[in-house]
Amino acid sequence: QTPDNYADLAPLGEAIGNKRIVMLDELTHGEGNVFQLKARIVEYLHQKKGFNLFVLESGLFDVAQLWQQQQQPIRQLAPGNIFYMYANSAEVWPLFDYIDASRTTKFPLVLAGFDGRLSGNLSKQKLVPQLQAFLAAQQIPAKKNNYLQQLQSLLDGNLGKADAATQQQFLASNSALDEALQQLKQKTSLRLEAGFWQRINSSVRMMAEVAWQQKYFDEHDLAMAGNLQWLAEEAYPDSKIIVWGHYVHVNRKGDFRNHPETSPEKSKYVHNMTSALPATLLKQTYVLHFAGASGDYIDFIDMKKIHVDLSAISLENALNRDNKEAVFIDMKTNAKGNKLPPLWGPNYETTLDWQDARQRFDGMILLNQITPASY
(Lines give C-alpha, C1' and ligand atoms only; values in the text may rest on other atoms or scores of the structure.)
Protein backbone atom coordinates (compact mmCIF):
# COMPACT_ATOMS: atom_id res chain seq x y z
CA GLN A 1 0.00 0.00 0.00
CA THR A 2 1.04 3.57 -0.66
CA PRO A 3 -1.53 5.68 1.20
CA ASP A 4 0.25 8.89 0.24
CA ASN A 5 -0.62 8.75 -3.47
CA TYR A 6 -2.70 5.57 -4.02
CA ALA A 7 -0.41 4.61 -6.91
CA ASP A 8 -1.10 0.91 -6.35
CA LEU A 9 -4.79 1.51 -7.09
CA ALA A 10 -4.14 3.02 -10.53
CA PRO A 11 -5.05 -0.23 -12.40
CA LEU A 12 -8.41 -0.22 -10.62
CA GLY A 13 -8.93 3.42 -11.53
CA GLU A 14 -8.15 2.68 -15.18
CA ALA A 15 -10.65 -0.21 -15.19
CA ILE A 16 -13.36 2.01 -13.67
CA GLY A 17 -12.68 4.68 -16.28
CA ASN A 18 -15.40 7.30 -16.39
CA LYS A 19 -18.15 5.21 -14.79
CA ARG A 20 -20.43 7.27 -12.59
CA ILE A 21 -21.27 4.61 -9.99
CA VAL A 22 -18.87 2.20 -8.27
CA MET A 23 -20.34 -0.57 -6.12
CA LEU A 24 -18.20 -2.24 -3.46
CA ASP A 25 -19.47 -5.59 -2.23
CA GLU A 26 -18.64 -7.91 0.68
CA LEU A 27 -19.47 -11.58 1.18
CA THR A 28 -20.22 -11.63 4.91
CA HIS A 29 -20.64 -8.20 6.61
CA GLY A 30 -17.86 -9.34 8.94
CA GLU A 31 -14.39 -9.25 7.30
CA GLY A 32 -12.25 -6.61 8.96
CA ASN A 33 -9.52 -6.33 6.35
CA VAL A 34 -12.14 -6.19 3.57
CA PHE A 35 -13.68 -3.21 5.40
CA GLN A 36 -10.24 -1.59 5.61
CA LEU A 37 -9.53 -2.12 1.94
CA LYS A 38 -12.94 -0.88 0.89
CA ALA A 39 -12.49 2.22 3.06
CA ARG A 40 -9.16 2.99 1.40
CA ILE A 41 -10.74 2.59 -2.04
CA VAL A 42 -13.51 5.01 -1.00
CA GLU A 43 -10.86 7.59 -0.10
CA TYR A 44 -9.07 6.94 -3.41
CA LEU A 45 -12.27 7.36 -5.43
CA HIS A 46 -13.03 10.58 -3.58
CA GLN A 47 -9.58 12.11 -3.86
CA LYS A 48 -8.44 10.86 -7.26
CA LYS A 49 -11.56 10.03 -9.27
CA GLY A 50 -14.03 12.77 -8.26
CA PHE A 51 -16.60 10.66 -6.43
CA ASN A 52 -18.55 12.74 -3.93
CA LEU A 53 -21.56 10.70 -2.71
CA PHE A 54 -21.10 7.65 -0.48
CA VAL A 55 -24.24 5.48 -0.18
CA LEU A 56 -24.18 2.88 2.58
CA GLU A 57 -26.36 -0.17 3.21
CA SER A 58 -28.33 1.51 5.98
CA GLY A 59 -31.72 3.18 6.27
CA LEU A 60 -32.51 6.01 3.84
CA PHE A 61 -34.13 8.15 6.54
CA ASP A 62 -31.67 7.32 9.33
CA VAL A 63 -28.56 8.24 7.34
CA ALA A 64 -30.15 11.39 5.91
CA GLN A 65 -30.92 12.53 9.47
CA LEU A 66 -27.49 11.57 10.71
CA TRP A 67 -25.79 13.52 7.92
CA GLN A 68 -27.75 16.64 8.85
CA GLN A 69 -26.62 16.52 12.51
CA GLN A 70 -23.25 18.10 11.89
CA GLN A 71 -22.63 18.95 15.53
CA GLN A 72 -21.91 15.29 16.39
CA PRO A 73 -19.37 12.96 14.72
CA ILE A 74 -20.70 10.15 12.53
CA ARG A 75 -18.78 7.64 14.64
CA GLN A 76 -20.74 8.80 17.69
CA LEU A 77 -24.14 8.81 15.98
CA ALA A 78 -23.68 5.57 14.03
CA PRO A 79 -24.60 2.98 16.73
CA GLY A 80 -28.33 2.37 16.59
CA ASN A 81 -28.74 4.30 13.33
CA ILE A 82 -26.29 2.78 10.84
CA PHE A 83 -26.24 -0.99 10.28
CA TYR A 84 -24.54 -2.37 13.38
CA MET A 85 -21.71 -4.24 11.63
CA TYR A 86 -20.54 -0.95 10.15
CA ALA A 87 -21.39 1.23 13.13
CA ASN A 88 -19.51 -0.98 15.60
CA SER A 89 -16.60 -2.35 13.56
CA ALA A 90 -13.33 -0.60 14.38
CA GLU A 91 -12.15 -1.02 10.79
CA VAL A 92 -14.96 1.26 9.54
CA TRP A 93 -14.53 4.06 12.09
CA PRO A 94 -11.61 5.77 10.28
CA LEU A 95 -13.84 6.04 7.20
CA PHE A 96 -16.52 7.80 9.26
CA ASP A 97 -13.84 10.18 10.54
CA TYR A 98 -12.62 10.78 6.97
CA ILE A 99 -16.16 11.63 5.81
CA ASP A 100 -16.60 13.99 8.76
CA ALA A 101 -13.30 15.72 8.00
CA SER A 102 -14.36 16.21 4.37
CA ARG A 103 -17.43 18.25 5.39
CA THR A 104 -15.40 21.44 5.73
CA THR A 105 -13.44 21.01 2.50
CA LYS A 106 -14.29 22.35 -0.94
CA PHE A 107 -15.19 18.81 -2.04
CA PRO A 108 -17.08 17.00 0.75
CA LEU A 109 -17.92 13.31 0.54
CA VAL A 110 -21.66 13.29 1.25
CA LEU A 111 -23.11 10.35 3.21
CA ALA A 112 -26.46 8.72 2.35
CA GLY A 113 -28.24 5.38 2.84
CA PHE A 114 -30.12 3.18 0.38
CA ASP A 115 -31.92 0.66 2.59
CA GLY A 116 -35.71 0.76 2.82
CA ARG A 117 -35.74 -1.15 6.10
CA LEU A 118 -36.01 1.85 8.41
CA SER A 119 -35.00 0.29 11.70
CA GLY A 120 -32.75 2.94 13.25
CA ASN A 121 -33.49 5.00 16.34
CA LEU A 122 -33.72 8.15 14.26
CA SER A 123 -36.49 6.59 12.17
CA LYS A 124 -38.39 5.54 15.26
CA GLN A 125 -38.04 8.93 16.92
CA LYS A 126 -38.20 11.46 14.10
CA LEU A 127 -39.73 10.01 10.93
CA VAL A 128 -43.41 10.31 11.84
CA PRO A 129 -43.18 13.77 13.48
CA GLN A 130 -41.26 15.15 10.49
CA LEU A 131 -43.66 13.59 7.98
CA GLN A 132 -46.60 14.98 9.92
CA ALA A 133 -45.06 18.46 9.91
CA PHE A 134 -44.39 18.28 6.16
CA LEU A 135 -47.95 17.19 5.39
CA ALA A 136 -49.40 19.86 7.65
CA ALA A 137 -47.36 22.54 5.88
CA GLN A 138 -48.80 21.35 2.56
CA GLN A 139 -52.33 21.17 4.03
CA ILE A 140 -52.57 17.42 3.42
CA PRO A 141 -54.72 15.66 6.05
CA ALA A 142 -52.32 13.43 7.95
CA LYS A 143 -54.61 11.82 10.53
CA LYS A 144 -57.06 10.25 8.11
CA ASN A 145 -57.53 6.56 8.98
CA ASN A 146 -54.82 6.82 11.67
CA TYR A 147 -52.12 6.21 9.06
CA LEU A 148 -49.36 8.00 10.95
CA GLN A 149 -50.17 6.18 14.17
CA GLN A 150 -50.04 2.89 12.28
CA LEU A 151 -46.78 3.94 10.66
CA GLN A 152 -45.25 4.65 14.07
CA SER A 153 -46.39 1.24 15.24
CA LEU A 154 -44.77 -0.35 12.18
CA LEU A 155 -41.46 1.42 12.86
CA ASP A 156 -41.61 0.30 16.49
CA GLY A 157 -42.09 -3.31 15.35
CA ASN A 158 -45.65 -3.59 16.66
CA LEU A 159 -47.73 -3.81 13.48
CA GLY A 160 -46.69 -7.30 12.41
CA LYS A 161 -49.85 -8.93 13.78
CA ALA A 162 -52.31 -6.41 12.39
CA ASP A 163 -55.64 -7.89 11.31
CA ALA A 164 -56.77 -7.94 7.68
CA ALA A 165 -58.86 -4.79 8.02
CA THR A 166 -55.95 -2.82 9.52
CA GLN A 167 -53.62 -4.06 6.80
CA GLN A 168 -56.04 -3.02 4.07
CA GLN A 169 -56.54 0.40 5.69
CA PHE A 170 -52.80 0.99 6.00
CA LEU A 171 -52.07 0.08 2.38
CA ALA A 172 -54.96 2.20 1.09
CA SER A 173 -53.72 5.21 3.06
CA ASN A 174 -50.19 4.54 1.85
CA SER A 175 -51.34 4.57 -1.79
CA ALA A 176 -53.32 7.78 -1.27
CA LEU A 177 -50.27 9.47 0.26
CA ASP A 178 -48.11 8.31 -2.64
CA GLU A 179 -50.50 9.99 -5.08
CA ALA A 180 -50.50 13.20 -3.05
CA LEU A 181 -46.70 13.26 -2.89
CA GLN A 182 -46.48 12.64 -6.63
CA GLN A 183 -48.64 15.72 -7.17
CA LEU A 184 -46.43 17.79 -4.86
CA LYS A 185 -43.35 16.76 -6.84
CA GLN A 186 -44.72 18.75 -9.77
CA LYS A 187 -43.92 21.94 -7.83
CA THR A 188 -40.26 22.80 -8.37
CA SER A 189 -39.84 24.10 -4.83
CA LEU A 190 -41.12 20.82 -3.37
CA ARG A 191 -39.70 18.34 -5.86
CA LEU A 192 -36.85 17.03 -3.70
CA GLU A 193 -38.63 17.05 -0.35
CA ALA A 194 -41.77 15.42 -1.73
CA GLY A 195 -39.62 12.93 -3.63
CA PHE A 196 -37.79 12.02 -0.43
CA TRP A 197 -41.04 11.38 1.43
CA GLN A 198 -42.36 9.40 -1.52
CA ARG A 199 -39.33 7.09 -1.27
CA ILE A 200 -39.86 6.80 2.51
CA ASN A 201 -43.54 6.02 1.94
CA SER A 202 -42.65 3.36 -0.64
CA SER A 203 -40.07 1.86 1.71
CA VAL A 204 -42.46 1.55 4.66
CA ARG A 205 -45.05 -0.05 2.40
CA MET A 206 -42.54 -2.79 1.57
CA MET A 207 -41.72 -3.12 5.27
CA ALA A 208 -45.39 -3.68 6.03
CA GLU A 209 -46.02 -6.08 3.16
CA VAL A 210 -43.01 -8.19 4.14
CA ALA A 211 -44.05 -8.13 7.82
CA TRP A 212 -47.51 -9.38 6.80
CA GLN A 213 -46.00 -11.98 4.44
CA GLN A 214 -47.68 -10.39 1.44
CA LYS A 215 -44.22 -9.99 -0.10
CA TYR A 216 -41.06 -12.08 0.21
CA PHE A 217 -38.21 -10.77 2.34
CA ASP A 218 -35.92 -10.48 -0.70
CA GLU A 219 -38.31 -7.95 -2.25
CA HIS A 220 -36.81 -5.35 0.08
CA ASP A 221 -34.23 -5.09 -2.71
CA LEU A 222 -36.84 -3.46 -4.94
CA ALA A 223 -37.25 -0.66 -2.40
CA MET A 224 -33.46 -0.38 -2.19
CA ALA A 225 -33.26 -0.03 -5.98
CA GLY A 226 -35.92 2.67 -5.98
CA ASN A 227 -34.09 4.56 -3.25
CA LEU A 228 -30.74 4.37 -5.02
CA GLN A 229 -32.31 5.42 -8.31
CA TRP A 230 -33.89 8.44 -6.62
CA LEU A 231 -30.55 9.42 -5.07
CA ALA A 232 -28.77 9.08 -8.42
CA GLU A 233 -31.34 10.71 -10.68
CA GLU A 234 -33.12 13.27 -8.50
CA ALA A 235 -31.37 14.08 -5.22
CA TYR A 236 -27.77 14.03 -6.52
CA PRO A 237 -27.98 14.00 -10.33
CA ASP A 238 -24.55 15.56 -10.78
CA SER A 239 -22.69 13.38 -8.26
CA LYS A 240 -20.39 10.42 -8.80
CA ILE A 241 -21.54 7.70 -6.43
CA ILE A 242 -19.89 4.99 -4.33
CA VAL A 243 -22.24 2.24 -3.11
CA TRP A 244 -21.20 0.00 -0.19
CA GLY A 245 -23.22 -3.14 0.64
CA HIS A 246 -23.47 -6.92 0.80
CA TYR A 247 -22.90 -9.08 -2.25
CA VAL A 248 -26.54 -10.23 -2.33
CA HIS A 249 -27.61 -6.63 -3.05
CA VAL A 250 -24.50 -5.46 -4.92
CA ASN A 251 -24.09 -7.77 -7.91
CA ARG A 252 -25.50 -7.48 -11.39
CA LYS A 253 -27.40 -10.74 -11.66
CA GLY A 254 -29.87 -11.07 -8.82
CA ASP A 255 -30.57 -14.58 -7.53
CA PHE A 256 -33.06 -17.42 -7.16
CA ARG A 257 -35.58 -17.47 -4.34
CA ASN A 258 -35.10 -21.20 -3.87
CA HIS A 259 -31.79 -22.74 -4.80
CA PRO A 260 -32.29 -24.51 -8.16
CA GLU A 261 -30.21 -27.50 -7.05
CA THR A 262 -32.53 -28.30 -4.17
CA SER A 263 -35.98 -27.36 -5.41
CA PRO A 264 -35.97 -26.64 -9.16
CA GLU A 265 -39.75 -26.75 -9.43
CA LYS A 266 -40.04 -23.91 -6.92
CA SER A 267 -37.05 -21.91 -8.08
CA LYS A 268 -37.85 -18.39 -9.23
CA TYR A 269 -35.47 -15.71 -10.45
CA VAL A 270 -35.74 -12.49 -8.46
CA HIS A 271 -34.09 -9.13 -8.84
CA ASN A 272 -31.66 -7.79 -6.31
CA MET A 273 -31.04 -4.07 -5.81
CA THR A 274 -28.52 -3.80 -8.63
CA SER A 275 -30.31 -5.86 -11.27
CA ALA A 276 -33.52 -3.90 -10.56
CA LEU A 277 -31.90 -0.59 -11.48
CA PRO A 278 -32.77 0.91 -14.90
CA ALA A 279 -30.41 0.07 -17.75
CA THR A 280 -29.30 3.69 -18.02
CA LEU A 281 -27.78 3.53 -14.53
CA LEU A 282 -26.38 0.02 -14.95
CA LYS A 283 -24.42 1.16 -18.00
CA GLN A 284 -22.75 3.77 -15.81
CA THR A 285 -21.93 1.28 -13.03
CA TYR A 286 -18.76 -0.64 -12.15
CA VAL A 287 -19.25 -3.49 -9.65
CA LEU A 288 -16.15 -4.42 -7.63
CA HIS A 289 -16.14 -7.74 -5.76
CA PHE A 290 -14.09 -8.65 -2.67
CA ALA A 291 -13.24 -12.13 -1.40
CA GLY A 292 -10.45 -14.03 0.34
CA ALA A 293 -8.96 -17.49 -0.15
CA SER A 294 -9.29 -18.47 3.51
CA GLY A 295 -9.31 -17.01 7.01
CA ASP A 296 -11.95 -15.92 9.51
CA TYR A 297 -14.92 -13.58 9.61
CA ILE A 298 -17.61 -12.56 12.09
CA ASP A 299 -21.09 -13.91 11.37
CA PHE A 300 -23.37 -10.86 11.64
CA ILE A 301 -26.31 -12.99 12.81
CA ASP A 302 -24.82 -14.56 15.94
CA MET A 303 -21.50 -12.65 16.10
CA LYS A 304 -19.49 -15.88 16.20
CA LYS A 305 -16.16 -16.22 14.40
CA ILE A 306 -16.37 -18.49 11.36
CA HIS A 307 -13.33 -20.14 9.82
CA VAL A 308 -12.94 -20.55 6.04
CA ASP A 309 -10.33 -23.06 4.90
CA LEU A 310 -10.89 -24.51 1.47
CA SER A 311 -8.32 -22.36 -0.28
CA ALA A 312 -6.93 -25.18 -2.43
CA ILE A 313 -10.10 -25.30 -4.52
CA SER A 314 -10.74 -21.57 -4.75
CA LEU A 315 -9.96 -19.20 -7.58
CA GLU A 316 -8.91 -16.68 -4.95
CA ASN A 317 -5.97 -18.95 -4.13
CA ALA A 318 -5.17 -19.88 -7.74
CA LEU A 319 -4.90 -16.26 -8.87
CA ASN A 320 -2.79 -15.23 -5.92
CA ARG A 321 0.16 -17.57 -6.39
CA ASP A 322 2.67 -14.89 -5.37
CA ASN A 323 1.13 -14.78 -1.88
CA LYS A 324 0.41 -11.06 -2.16
CA GLU A 325 -1.84 -9.46 0.40
CA ALA A 326 -4.37 -8.70 -2.35
CA VAL A 327 -4.58 -8.82 -6.14
CA PHE A 328 -6.91 -6.96 -8.53
CA ILE A 329 -8.50 -8.84 -11.43
CA ASP A 330 -10.27 -7.04 -14.28
CA MET A 331 -12.97 -9.41 -15.52
CA LYS A 332 -13.07 -7.88 -19.01
CA THR A 333 -9.38 -8.32 -19.72
CA ASN A 334 -9.33 -11.80 -18.19
CA ALA A 335 -12.15 -13.32 -20.18
CA LYS A 336 -10.89 -16.89 -20.48
CA GLY A 337 -11.65 -18.78 -17.33
CA ASN A 338 -13.33 -22.03 -18.36
CA LYS A 339 -10.76 -24.23 -16.62
CA LEU A 340 -10.29 -22.08 -13.54
CA PRO A 341 -11.45 -23.24 -10.09
CA PRO A 342 -14.60 -21.62 -8.68
CA LEU A 343 -14.91 -18.39 -6.73
CA TRP A 344 -16.45 -18.19 -3.30
CA GLY A 345 -20.11 -17.18 -3.10
CA PRO A 346 -22.12 -15.50 -0.30
CA ASN A 347 -20.87 -16.18 3.24
CA TYR A 348 -18.21 -18.53 1.82
CA GLU A 349 -20.87 -21.26 1.71
CA THR A 350 -21.37 -21.65 -2.05
CA THR A 351 -19.23 -21.13 -5.14
CA LEU A 352 -19.47 -19.33 -8.49
CA ASP A 353 -17.92 -20.43 -11.73
CA TRP A 354 -16.00 -17.91 -13.82
CA GLN A 355 -18.73 -17.22 -16.38
CA ASP A 356 -21.33 -16.69 -13.66
CA ALA A 357 -18.94 -14.38 -11.81
CA ARG A 358 -18.36 -12.29 -14.97
CA GLN A 359 -22.12 -11.66 -15.16
CA ARG A 360 -22.18 -10.48 -11.55
CA PHE A 361 -19.24 -8.09 -11.26
CA ASP A 362 -16.78 -6.19 -13.42
CA GLY A 363 -13.67 -6.58 -11.33
CA MET A 364 -12.56 -8.26 -8.15
CA ILE A 365 -9.98 -7.88 -5.42
CA LEU A 366 -8.85 -11.23 -4.03
CA LEU A 367 -7.22 -11.33 -0.62
CA ASN A 368 -4.84 -14.02 0.51
CA GLN A 369 -6.46 -14.08 3.97
CA ILE A 370 -9.61 -12.57 5.45
CA THR A 371 -9.58 -11.35 9.03
CA PRO A 372 -12.57 -10.96 11.36
CA ALA A 373 -14.03 -7.52 11.96
CA SER A 374 -13.16 -6.00 15.36
CA TYR A 375 -16.68 -5.73 16.64
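Take every pair of alpha-carbon atoms less than 8 Å apart whose residues are at least six positions apart; their mean separation over the length of the chain yields a relative contact order of 24 percent.
Within the chain, the longest segment free of exposed loop sites, counting trypsin sites (Lys or Arg not before Pro) that fall outside DSSP classes H, G, I, E and B and have at most 13 other Cβ atoms within 10 Å, spans 1-102. Think of each Lys and Arg Cβ as +1 and each Asp and Glu Cβ as -1; about the Cα centre, that makes the dipole of segment 161-256 roughly 140 debye. For the chain, the dipole from Cβ point charges (+1 on Lys and Arg, -1 on Asp and Glu) about the Cα centre works out to 1000 debye, to the nearest 20. Let's test the formula: R0 of 22 Å, r as the Cβ-Cβ distance of GLN70 and ASP238. What FRET efficiency results, to the nearest 0.05? It comes out at approximately 0.50.
Taking the chain as a Gaussian network, where each spring joins two C-alpha atoms under 10 Å apart, which residue of PHE114, PHE300, PHE290 fluctuates the most? Per the Cα network of the chain with a 10 Å cutoff, PHE300 tops the list. Compared with the dominant Cα axis of the chain, that is its longest principal axis, helix 220-230 is turned about 80°. Dividing the mean sequence gap of close Cα pairs (under 8 Å, 6+ apart) by how many residues segment 101-217 holds gives a relative contact order of 26 percent. Ranking THR371, LEU53, GLN130 by how far each Cα lies toward the positive end of the dipole of the chain (charges on Cβ) leaves GLN130 at the top.
Mean sequence separation of contacting Cα pairs (under 8 Å, at least six apart), scaled by the length of segment 1-142, corresponds to a relative contact order of 27 percent. Averaged over its residues, segment 170-302 has an accessible area of 43 Å² per residue, based on protein heavy atoms and a 1.4 Å probe. Computed from Cα atoms, the angle from the helix 191-211 axis to the main principal axis of the chain rounds to 80 degrees.
Available extension along the chain between GLU179 and LEU192 is 3.1 nm, counting 0.36 nm per residue and deducting the alpha carbon span.
Label-to-label distance, ASP356 versus ARG103, with points set 7 angstrom from Cα along the beta-carbon direction: 4.4 nm. Dipole magnitude for segment 90-202: computed about the Cα centre from +1 point charges on Lys and Arg Cβ and -1 point charges on Asp and Glu Cβ, it is near 340 debye.
Hey, for a label at ASP8 modelled as a point 7 Å past Cα toward Cβ, could you say which residues of segment 42-77 have their backbone N under 19 Å away? Residues passing the 19 Å test: 42-49. Gain on full extension, evaluated as 0.36 nm per residue between ILE140 and VAL270 minus their Cα-Cα distance, stands at 43.2 nm.
Sites counted here are GluC sites (Glu not before Pro) in a DSSP loop (not H, G, I, E or B) having no more than 15 other Cβ atoms within 10 Å; the longest part of the chain that contains none of them is 1-260. The C-alpha atoms of the chain define a longest principal axis, and helix 93-102 lies at about 70 degrees to it. The distance between label points at ALA164 and ILE301 comes to 3.3 nm (points 7 Å beyond Cα on the Cα→Cβ vector).
Placing a label point 7 Å from the Cα of TYR375 along the Cα-to-Cβ direction, the residues of segment 90-107 whose backbone N falls under 17 Å from that point are 90-93.
Extension gain, LEU282-GLN132: 0.36 nm per intervening residue step, less the Cα-Cα distance, totals 50.5 nm. Surface composition of the chain: carbon plus sulfur atoms hold 49% of the accessible area, using a 1.4 angstrom probe and ignoring ligands, DNA and RNA.
The values are calculated or read from the model by the stated rules, or taken from the named source; none is laboratory data. Note that the structure is predicted; figures quoted are calculated from it, not measured. Note that we place each Cβ from the backbone using ideal geometry, even for glycine, and neighbour counts take in every protein chain shown. Note: areas computed on protein heavy atoms with side chains; ligands, DNA, RNA excluded. Shrake-Rupley method; radii C 1.70, N 1.55, O 1.52, S 1.80 Å.
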